[in-house]
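Beneath this line is the structure, given in structure tokens, with notes to follow.
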Amino acid sequence: MLEQLTDKNRLTKEHTQAYRPTFALNRNTAGFTKEFKEGIYTLVCDKAYGPFVRDLDHNEYIDLTMGFGSLLFGHNYEPIRQAIQDQLSQCWSVGPISPLAGPLSQAIAQSTGVERVAFFNSGTEAVMVALRLAKAITQKKYIVFFKGSYHGTFDSLLSLRNDPQSGVAKEMVPGVTQAILNESYLLEYGSDESLDFIRKNSDHIAAVLTEPVQSRNPGLQPCDYLHTLREITEEKNIALIFDEVITGFRIGLGGSQAYFG
């Protein structure tokens, strides 16, 4: 099987191998095992159109996630490509604010019901700022997040397991110190036990952070759980933060809060 795969992706694999000494990419090591060593390399594409991407060996694939949700109209969709080209011909400087930023913030606010909109370079940065604001407003310091959720590469959220007694998140990778995670609780998403934990510890919980529909487990959509979570956080002065960076507007223009009512 590995031989068939590598024969099919010969140029892609050679490209990956050629730049390993200088190009550090975690995808080239994720899930590494000696048995599948020869089959661990990143797909390298040189062309994309509609729902398809093409690799260096001219194999075509269907992009099921459409650029992780950023290309829902398809790759190289002509109206979007033309709009980008038009904007590039006018102004694309870094520093001044684009005249499109204001109208875009207004459109997002109107569709989602949020009061104000801020733009960030990455989802990680957006989550960091949201948690910082929650701690500042509530004057509390602990955060809750859930197993199976993905919130970027912020150290305080890099955890896959917790202390079974305290619920405190435990470090996931080397370089993340436990001290950074000591104010983070990692709980089971959708469980009654997690709701009880939040109630009991509400005096020092600043925020509950969740992917309403987990990108790693989209079949789990606990509507009643989210409603109860909203009731608890509202009553206990806890910020409820929906991280929809990955799911985006695929759920609906109103986001998860509109979808789940």
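Has the stretch 66-87 got any residue that is at pLDDT below 90, under 27 Å from Q214 (Cα atoms) and touching a Leu at 6+ places or on another chain (Cβ under 9 Å)? Within the stretch 66-87, one or more residues are at pLDDT below 90, under 27 Å from Q214 (Cα atoms) and touching a Leu at 6+ places or on another chain (Cβ under 9 Å). Quick check, is I205 surrounded by 15 or more Cβ atoms within 10 Å (Cβ to Cβ), aliphatic (A, V, I, L, M), at pLDDT below 95 and out of contact with any Gly (no Cβ under 9 Å at 6 or more places or on another chain)? The answer is no for I205.
Answer with yes or no whether V94 is surrounded by 11 or more Cβ atoms within 10 Å (Cβ to Cβ) and among the aliphatic types (A, V, I, L, M). For V94, the condition - surrounded by 11 or more Cβ atoms within 10 Å (Cβ to Cβ) and among the aliphatic types (A, V, I, L, M) - is not met. Among the residues making up the stretch 133-183, a single one is among the hydrophobic types (A, V, I, L, M, F, W, C), in a loop (DSSP other than H, G, I, E, B), in contact with an Asp or Glu (Cβ under 9 Å, 6 or more places away or on another chain) and over 22 Å from P212 (Cα atoms): V176.
So that you can scan it fast, the table gives a plain yes or no per residue for (1) free of Cβ contacts under 8 Å to residues at least 60 places away in the same chain; (2) on the phi < 0 side of the Ramachandran plot; (3) in contact with a Ser or Thr (Cβ under 9 Å, 6 or more places away or on another chain):
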site	(1), (2), (3)
G190	yes, no, no
A206	no, yes, yes
H227	yes, yes, no
I241	no, yes, yes
L253	no, yes, yes
S256	yes, yes, yes
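Here S194 fits the description: under 25 Å from I232 (Cβ atoms) and part of a helix (DSSP H, G or I).
Of all residues in the stretch 100-135, count the ones that are of a type in the set (G, A, S) and either in contact with a helix residue (DSSP H, G or I) (Cβ under 7 Å, 6 or more places away or on another chain) or surrounded by fewer than 15 Cβ atoms within 10 Å (Cβ to Cβ) (or both). Number satisfying all stated conditions: 8.
A single member of L25, L11 is touching a residue at least 40 places away in the same chain (Cβ under 8 Å) and either closer than 28 Å to V173 by Cα or more than 29 Å from the chain's Cα centre (by Cα) (or both), and it is L11. Among the residues of this structure, L253 does not count as one that is part of a loop (DSSP other than H, G, I, E, B) and either over 23 Å from A126 (Cα atoms) or touching a His at 6+ places or on another chain (Cβ under 6 Å) (or both).
The values are calculated or read from the model by the stated rules, or taken from the named source; none is laboratory data. It should be emphasised that the depicted structure is a prediction, and the values quoted were computed from it without experimental measurement. For neighbour counting, all protein chains shown are included, and Cβ atoms are generated from backbone atoms with ideal geometry for every residue, glycine included.
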